[in-house]
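The values are calculated or read from the model by the stated rules, or taken from the named source; none is laboratory data. For clarity, every value in this text was computed on a predicted model and none was experimentally measured. So basically every Cβ, Gly included, is an ideal-geometry build from the backbone, and we count neighbours across all protein chains shown. Accessible surface areas use protein heavy atoms only, side chains included; no ligands, DNA or RNA. Shrake-Rupley method; radii C 1.70, N 1.55, O 1.52, S 1.80 Å.
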Amino acid sequence: MRLCSSGTKRLHHPQVGDLDLHYEVLHLPDSNGQRLLTHTAAVGTAAADALALLG
């Protein structure tokens, strides 16, 4: 099994619309399938601007 995977995912938020976000998943060893998942937006993108509005 790969312990880390990454890619781009499009999410839809009802207030700011579509967000193209980079994700990374770290599968934690010896944790019964638990994973650590992060989503980030590149600086200067529409997705970053939308996330700033939500903050």
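At-a-glance table
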| item | result |
| --- | --- |
| Qualifying residue in the range 33-52 (condition: in contact with a Ser or Thr (Cβ under 8 Å, 6 or more places away or on another chain) and either open to solvent by less than 60 Å² (accessible area, probe 1.4 Å) or in a helix (DSSP H, G or I) (or both)) | no |
| Whichever residue in the range 1-32 is surrounded by 10 or more Cβ atoms within 10 Å (Cβ to Cβ) and outside any strand (DSSP E or B) and, among such residues, is modelled with the lowest pLDDT | LEU3 |
